[in-house]
Amino acid sequence: MSDWVEACAADDVELEDVIRFDHGGRTFAIYRSPDDHYFATDGLCTHERAHLAGGLVTDNIIECPKHNGRFDYKTGEAKRVPARVKLKTYPVKVDAGKIFIQID
Ligand code: FES
C-alpha cells in the first residue's frame, strides 16, 4: 500500500537544490528543479550508499558527493559511472505549501 507522507515545506528546498528526508527508517532525497518542480528519489546512492542530499544538483542531474556518479533525479537513470544502478523515484505533490511524497 502506498501512503502520501508529508516531507517538508516547499520553501525548505531551494531552487536547483536537494534536501534529505528520513522516514520510517528510510532516507529519501527531495529535489527542486531549476524550473521549479519537485522530485523525490531514494536518498542513498546505489553505488556505495552515500547521502545524495550532500551532492550537487545541476539541471536534472544529481551528482553524488562521494565518487561523483550522476543520476537523472527525474527518472532515476544512472548517468555516469561509478553509478550504474538506477535510483528509485517516488511521486511528489505540493499541497498548501507542503511537499508530500508517495512511499510504497
Ligand atoms: S557512493 Fe555515489 S558514486 Fe560512489
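Annotations for the structure displayed:
- Taken as a whole, the structure places Asp72 among residues that are among the charged types (D, E, K, R) and open to solvent by less than 60 Å² (accessible area, probe 1.4 Å).
- With respect to being part of a loop (DSSP other than H, G, I, E, B), farther than 22 Å from Val85 by Cβ and open to solvent by 40 Å² or more (accessible area, probe 1.4 Å), Glu6 falls outside the description.
- Among residues that are in contact (Cβ under 8 Å) with a residue 60 or more places away in the chain, away from the ligand (no atom under 13 Å from the Cβ) and open to solvent by 40 Å² or more (accessible area, probe 1.4 Å), Val13 is not included.
- Residues in the range 38-52 that are under 13 Å from Phe71 (Cβ atoms) and either aliphatic (A, V, I, L, M) or open to solvent by 40 Å² or more (accessible area, probe 1.4 Å) (or both): Phe39, Ala40, Asp42, Leu44, Thr46, His47, Ala50, Leu52.
- Meets criteria (under 17 Å from Trp4 (Cβ atoms), polar (S, T, N, Q) and within 15 Å of the ligand (Cβ to nearest atom)) for Thr41: yes
- All of Lys86, Lys79 fail the test of being more than 10 Å from the chain's Cα centre (by Cα) and not in a loop (DSSP other than H, G, I, E, B), apart from Lys79.
- Conditions (1) in contact with an Asp or Glu (Cβ under 6 Å, 6 or more places away or on another chain); (2) open to solvent by 60 Å² or more (accessible area, probe 1.4 Å); (3) more than 16 Å from the ligand (Cβ to nearest atom): number failed by Asp35: (1)
- The listed residues are Val94, Val18, Val57, and the only one of them that is open to solvent by 40 Å² or more (accessible area, probe 1.4 Å) and in a strand (DSSP E or B) turns out to be Val94.
- Residue within the range 25-32 that is open to solvent by 10 Å² or more (accessible area, probe 1.4 Å), β-branched (Val, Ile, Thr) and more than 10 Å from the ligand (Cβ to nearest atom) present: yes
- Sole residue being open to solvent by less than 50 Å² (accessible area, probe 1.4 Å), touching a His at 6+ places or on another chain (Cβ under 9 Å) and within 11 Å of the ligand (Cβ to nearest atom), chosen from Pro65, Pro82: Pro82
The values are calculated or read from the model by the stated rules, or taken from the named source; none is laboratory data. Everything quoted here is computed from the prediction, not taken from an experiment. Neighbour counts run over all protein chains shown; Cβ positions are idealised from the backbone, glycine included. Ligands, DNA and RNA are stripped out before the accessible areas are found, and what is left, the full protein with its side chains, is counted by its heavy atoms. Shrake-Rupley method; radii C 1.70, N 1.55, O 1.52, S 1.80 Å.
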